[in-house]
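Worksheet: one structure, shown below.
Bear in mind that the values in this text are calculations on the coordinates, not laboratory data. Being a predicted model, the structure only gives us computed values, none of them experimental. Cβ atoms come from the backbone with ideal geometry, glycine included; neighbour counts cover every protein chain shown.
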Amino acid sequence: MSRLAFLDELLVELEAVGRRRMPRVITRRDGAYVWVGGAKLLNVSSNDYLGLSTHPALVEAATAALEEHGVGAGASRLITGNVALCEELEHALASFHGAPAARLFNSGYAANTGIIPVLVGKDDVVFSDELNHASIIDGCRLSRARTVVYRHNDLGHLADLLAEHRGRRRLVVTESLFSMDGDLSPLGQLREMTAAAGAILMVDDAHAVGAVGDGRGLGWAAEADVVVGTLGKAFGTAGAYVLGASSLIEVLWNRARTLVFSTGLPVPGLAASVAAVRLVGSPEGALLRQRLERHRRLLGAGSHIVPLVVGDDRRAMDAMNHLMEDGLLVQAIRPPTVPVGTSRLRLSLSAALSDEDALVVDAAVRRLVAGGWVVPRGTSR
Ligand SMILES: *Cc1c(COP(=O)(O)O)cnc(C)c1O
C-alpha cells in the first residue's frame, strides 16, 4: 500500500488544483442526445461530426461482417490478422483521397507515434507546431530526433528554425484543423516553405477528413508528403490511416512498431469504415456537411470546432456544469490538453444536431458570453 501512496497524493493534488479527470458514464445514445445519470443531454462534445456513428448503413455493414467473420482479428496483420476487409478499406481510402496508397493504424494515436519514428531518427530534426496533439508530441519523443517546437502557425519562426538546422533530414509536422482551437494551419505556404527547404511535410488531418470541403480533408489536397486521417471522428467508426507514397506505405510494415506489434482492428469496425468512406463521398455525405456548415454559420464560428476560452481550470468546470443544467453536454478542456491559463469549453458541432438543436446551442453560448464566462478571442494567450 505505502509503496503506492504517491498515487493517492497525486490524486489529492490534482483535485486541489481542479485538474482531476474523471470520465462520465453514457448509458444511452440517440442521435445528438446522450443520457448521463438519468439526464438527457444534447451532446456538443462529440467528434462524430457527421453523426455517422449510429448511421443505419454503418450498423448494417458491421452486423453483416460480424455474422460472417466474427469479432476480433485474432493477431497482428503480419501474423494472421490481415483479413481482406483491411485491404479493401485501404484501397477505398487511397482511392477516395486520390493518394497512391494508404495504411491503417488502430488509432490516430498509434498512427502518429508509429509514423514519426519511421520518418526521422536521432540524427534528424522534427519541427512541431506548439499546439500539436499529444500523439504528435509523443511520436516526436519516440523518434529520438531533435524536436524543435515553433510558435503556433508562425511561418517566420519556422523559416528561421529550418535555416538553423540545414544539412539534416528535416520533418515539419502540423495539424490541418487544430483540435482545441478550431483554426487552420497555412498548408499552402507550409508546402512551399518545406519544398524549398527540402523538408518533409506531414499533416494530421484528424478533424478535417470527412467534415470539411468535399470530405477529402486538407492535407492531401495541399500536397503534403504524409497525411494522417482518423476514422473515429467524422467517419464515425474507429482507427486511423496514413496516406503517402507507396514506398512509405510499404516501409511501415518493416518499421512502424505501433502497426507491427498490435492486433488488427475488429472486423465489424472495418466493414463499418468501408461503408463510412462510401457515405462520406456520396451525395448524402455532402448534405450532412452542408448541415454542419449551416450550424457553423449560425454560431459565427470559424470551423465546426468552437473554443470558448474561460481561462481558469475550475471556472471552466463551473461553466461546463452551468451548461449541463441547461441540458447541454460540453466538456471542459484543461491543461495539459491546452496551455495553462486557457482552459475552455470546446464545442464541437455535428450534423447529428437538428437546426432546432443548433439554435439551442447558439442561445446557450450567447448566455455564457453575456454572463462574462468567456474571455474574448485574442486575449486568451
Ligand atoms: C483525435 C486525434 C488524434 C487521435 O486519434 P484517435 O483515433 O482518437 O487515437 C490524433 N491527432 C489529432 C489531431 C486528434 O485530434
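Our note on the geometry: Cα centres of the stretch 129-160 and the stretch 206-247, 20 Å apart.
Can you tell me the order of 60-70, 91-101 when each peptide is scored by its average per-residue count of other Cβ atoms within 10 angstrom, highest first?
On the way: 60-70: 15.6, 91-101: 17.7.
Sorting 60-70, 91-101 by mean packing, highest first, produces 91-101, 60-70.
Close amide H contacts of residue 50 (hydrogens built in the peptide plane, cut-off under 5 Å, sequence separation of 5 or more or a different chain): 351. In this structure, residue 154 and residue 223 have a Cβ-Cβ separation that, at R0 = 25 Å, corresponds to a calculated FRET efficiency of about 0.70.
Over the stretch 154-310, the Kirkwood radius and the radius of gyration, each from Cα atoms, give a ratio Rg/Rh of 1.00.
Taking the chain as a Gaussian network, where each spring joins two C-alpha atoms under 10 Å apart, which residue of 202, 22, 180 fluctuates the most? Result: 22 has the largest fluctuation of those listed. Think of the stretch 293-366 as a dipole: +1 on every Lys or Arg Cβ, -1 on every Asp or Glu Cβ, centred on the Cα centre; then among 299, 337, 354, 337 lies furthest on the positive end. Electrostatic tally near residue 272: other residues with Cβ closer than 13 Å to its Cβ, Lys and Arg +1, Asp and Glu -1, net -2. Classification of the chain by its C-alpha gyration tensor yields a rounded form. The axis ratio a/c (a ≥ b ≥ c) stays under 1.5. Ranking 163, 259, 78 by Cα position along the charge dipole of the chain, where only Lys, Arg, Asp and Glu carry charges on their C-beta atoms, puts 163 farthest toward the positive end. A protection proxy built from the mean count of other Cβ atoms within 10 Å ranks the segments 74-87, 247-260, most packed first, as 247-260, 74-87. Take residue 250, project a point 7 Å from its Cα along the Cβ direction, then tell me which residues of the stretch 94-110 have their backbone nitrogen under 19 Å from it. Within reach of a label on residue 250, which here means backbone N under 19 Å from a point 7 Å along Cα→Cβ, the stretch 94-110 contributes 94-95, 99-104.
Which GluC sites (Glu not before Pro) does the stretch 120-197 hold that lie in a coil by DSSP with at most 16 other beta carbons within 10 Å? Write down the numbers at each step before the final one.
Values: sites: 130, 164, 175, 192; in loops: 130.
Those satisfying the criteria are 130.
Within the chain, DSSP assigns beta bridges of which about 60% are antiparallel (rounded to the nearest 5). With no solvent and one equal point scatterer per Cα, compute the Debye intensity ratio I(q)/I(0) for the stretch 30-167 at 0.10, 0.12, 0.14, 0.16 Å⁻¹ and report its log10, rounded to two decimals. Each listed q corresponds, in turn, to -0.58, -0.80, -0.98, -1.10. Think of the stretch 54-280 as having a plus end and a minus end, set by charges on the Cβ of Lys, Arg, Asp and Glu; of 112, 176, 238, 112 sits farthest toward the positive end of this dipole.
When both bridge partners sit in the stretch 54-280, DSSP labels roughly 40% of those beta bridges antiparallel.
A simple charge model with +1 on the Cβ of Lys and Arg, -1 on the Cβ of Asp and Glu and nothing else charged puts the dipole of the stretch 217-347 at about 100 debye relative to its Cα centre.
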